[in-house]
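The values are calculated or read from the model by the stated rules, or taken from the named source; none is laboratory data. Nothing here was measured: the structure is a model prediction, and the numbers come from that model. Ideal geometry is used to build each Cβ from the backbone, glycine not excepted, and the neighbour counts take in all protein chains shown. The protein model used for the area step is the full one, side chains on, heavy atoms only, and it has no ligands, DNA or RNA in it. Shrake-Rupley method; radii C 1.70, N 1.55, O 1.52, S 1.80 Å.
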Amino acid sequence: MKKVTYRDQISKVLGISLVVFLLFSVSLIAQDEAVAEAAVETEAAAGGGDPVKGKSLFNQNCAACHALNRKMTGPALANVEARLAEDEGLDKEWLYAWIKNSPGMIKSGDAYAVKIYNEYNQAAMTAFPTLSNQDIDDILAYTAAPPSTPPPTQVGGANGLVAPPSPGISNEVILGALALVFGLLVFMLMSVNKTLQRVMEANGVNVEEEREKRLPIWKAFAKNQFLVLVTAIFLLLASGYFAYGWMMQVGVDQGYAPIQPIHYSHKIHAGDNKIECKYCHSSARVSKHSGIPSLNVCMNCHKSIYEYKGNPEGPSREDLANGYTNEFYTGEIKKLYAAVGWDEENQKYTGESTPVEWVRIHNLPDFAYFNHSQHVSVAGVECQTCHGPVEEMEIMYQYSPLTMGWCINCHRETNVKVEGNEYYEKIHAELSKKYGVETLTAAQMGGLECGKCHY
C-alpha cells in the first residue's frame, strides 16, 4: 500500500488553524463587550443615566401616557431634557420636581407647568415621589438615546415579510415524481396491451368477432329484475338519507365566520393579553344578551395603544400567510379611530363618528329564550363552554351548533351548582330526596320543561 506522507501534517495544520480562529473570535467578542461596558461606565461616571434601566422604568411608569415620538395623553418625550433646556431654559432640577410632584408645581403657579396642564386638556400627570434622581436620570438617558436598529432579518419578497423556514422537499418535486411514475405505468400498460394483441393474432383469435358476441352491460342489467329492484331500493334509501341530512342543517350555522368591518382578533385580546371576556361583554352578567361592546370600551385601551408591535417571538408562519402583520393590525386600529372620531395628532375627539356595522354571528330563533345572566352569573358556566376556545380564534366563528338537542344534552349532563346560592338550597334538598341522588342535573331541576325555553 502506498503511504501518504503529508496526510497527518495537513490534518494538524487544519486543526491548529481552527483553534486559532476560535480563539481570535472569542477575543474579538470579549473586546467588544469590554468596550461597551467601558462606554456605559464612562457615561455613568460623567453623571448620565443608564438607558437600559431607563427603558424598563419608562415602560413601567410612563408608557401608558407618553411615547417617544408622538403625542398621547401627554407630550412626546424624545430628547425632552435637551428640548426643555433650549426652548424653555429649564434644567434637570425642574424635571426632578415636576416628575416627583407635578400637582404641587401646578398649584404653586409654575408658568410652564400650568402651560402644559392647560395644553393637554388639564389631564394631571401622576406624581412619582418614589422615583429617585438616579431613576429619573436613567429615564432621561433612555429618552435621549437614539432608537435601536432591529437586527436584519431574512426577507421574502418585496413586501418585507420574514421568509418562513424551508419546508424541505417542495410540492413541485413531489408532483413531478408522481407524474413520472404515472407516465411509466401508462407506458407499461400500453406495452402489455400490444404484447397481448400480438399473442392473440399469433394464435388466430379474432378480437372484433369476440366483442360482437358480447351483450352490452346495460342490456344485461335491464334483463336481471333482481338487480334492478335492489338498485332502485338503494337509490331511494340514499336519496332519503341525503335529503333528511340536508333538511336537518336548515338554520344550523355552526362554523359561520363572517368578515367584520373592523378586524378584531380574539386571539390577541383574550389570548395574548388575557383580557377577560366580561370586560368587553359586561352585560352578560346581568342581561339576557351578552351585548356588543361600545367603541368607548375599545378606546379605554387604544387611546394609548396606537400601533401593534406584535409578540416577542414574532408573527407565525400561518399569520404571515394570511397577511396578519403588525402593519395590518395597526391599520385596523386606524379604522377604529376613524369610526369613533379620534384625532390622533391632537389627542381629542372631533365629534364626527361613524357607526360600525358589526355582523352578528350567534343568532337564536325568536321562539327560543336564552338568558346569559342565568347561565353566567347564576350557573357559573364558562364562556368557552358554548363559544369554544375564543382565546385561540383569530376570526370569531360559531363554535357550537346551538340546536335544541345540543341544549338538552347539556341540561342532562350538567350538575347544578348550589354552593353559595341560597335560592337553590331548599328546592335542591327536596328534589334530591325525590330522585334519590346527591347532586341534581339541570334537567332534574326542570331544565327540560318546554316553557323554560319556549314562550
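Below, the figures for the structure above:
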quantity	calculated
Solvent-accessible surface (1.4 angstrom probe) belonging to ARG285, in square angstrom, nearest 10	90 Å²
Gain in span if fully extended, ALA97 to ALA64, counting 0.36 nm per residue against the direct Cα distance	9.8 nm
SER316, SER108, SER373, ranked by accessible area, largest first (probe 1.4 Å)	SER108, SER316, SER373
Most positive-pole-ward Cα, ALA177, THR325, MET188, against dipole of the stretch 177-336 from beta carbon charges	THR325
FRET efficiency for LEU131 and SER287, using Cβ-Cβ distance with R0 set to 41 Å, rounded to 0.05	0.40
Separation of the PHE242 and PHE328 label points, Cα + 7 Å toward Cβ, nm	3.7 nm
Label-point separation, LEU215 to ILE408 (7 Å along Cα→Cβ), nm	5.2 nm
Label-point separation in nm, MET299 to MET200, each point 7 Å along Cα→Cβ	8.5 nm
Counted charge near LYS278, where neighbours are those whose Cβ lies closer than 14 Å (Asp, Glu -1; Lys, Arg +1)	-1
Distance from the stretch 103-124 to the stretch 58-85 (C-alpha centre basis), Å	16 Å
LEU68 accessible area, 1.4 Å probe, all protein chains in place, Å² to nearest 10	50 Å²
FRET efficiency estimate (nearest 0.05) - Cβ-Cβ, GLN260 to LYS53, R0 41 angstrom	0.45
Accessible area per residue in Å² at 1.4 Å probe, computed on the stretch 225-322	72 Å²
SER377 accessible area, assembled protein chains, probe 1.4 Å, Å²	70 Å²
Unit charges on C-beta of K, R, D, E only; dipole of the stretch 292-369, Debye	140 debye
Rounded FRET efficiency, nearest 0.05, which uses the C-beta distance separating ALA368 from LYS223 and R0 of 45 Å	0.20
